[in-house]
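Written out below as structure tokens is the structure these notes cover.
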Amino acid sequence: MAYQDAPWPPMTDELAERCKRAVQVITPAGQTLAAGRASVCVLGLIGYPRLARLACRPPFIWAVELGYWMVARNRRFL
């Protein structure tokens, strides 16, 4: 959901500021993940847990984070 439409709580002023810079996920355990790690978490939650577990390990997570930032910074051109 768009962070502008999220209920307060769990949305806070601090979390809203972070949402402006990158996608955020609050896990069922209450952990907040951002950017590439949040994307990998969603991948696991929608039915690809094996792929998510692999993508969370170095050096794969570094590639995921790099890819996330490259797409995020250039999304207007993509």
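The values are calculated or read from the model by the stated rules, or taken from the named source; none is laboratory data. The shown structure was predicted, so the numbers you read here are calculated from the model rather than taken from an experiment. Here Cβ is always computed from backbone atoms with ideal geometry, including for glycine, and neighbour counts include all displayed protein chains.
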Residues that are surrounded by fewer than 16 Cβ atoms within 10 Å (Cβ to Cβ) and over 15 Å from Tyr68 (Cα atoms), drawn from segment 19-49 | Ile26, Thr27, Pro28, Ala29, Gly30, Gln31, Thr32, Leu45, Ile46, Gly47, Tyr48, Pro49
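Listed here are the residues, each with its yes/no results for (1) in contact with a helix residue (DSSP H, G or I) (Cβ under 6 Å, 6 or more places away or on another chain); (2) at pLDDT 95 or above.
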site: Lys20; (1), (2): no, no
site: Ala35; (1), (2): yes, yes
site: Arg57; (1), (2): no, yes
site: Val64; (1), (2): yes, yes
site: Arg73; (1), (2): no, no
site: Leu78; (1), (2): no, no
Go through Glu65, Glu14 for me and flag whichever is over 13 Å from the mean Cα position of the chain (by Cα) and outside any loop (DSSP other than H, G, I, E, B).
-> Glu14
Return the only residue of Ala52, Ala72, Ala63 being within 23 Å of Gln4 (Cβ to Cβ) and surrounded by 12 or more Cβ atoms within 10 Å (Cβ to Cβ).
-> Ala72
Applying the selection to segment 34-56, what residues are out of contact with any strand residue (DSSP E or B) (no Cβ under 7 Å at 6 or more places or on another chain), among the hydrophobic types (A, V, I, L, M, F, W, C) and either assigned to a helix (DSSP H, G or I) or touching a residue at least 12 places away in the same chain (Cβ under 8 Å) (or both)?
-> Ala35, Val40, Leu43, Leu45, Leu51, Ala52, Leu54, Ala55, Cys56
Segment 17-33 - residue that is aliphatic (A, V, I, L, M) and assigned to a loop (DSSP other than H, G, I, E, B) and, of those, nearest to Ala72 (Cα to Cα) | Ala22
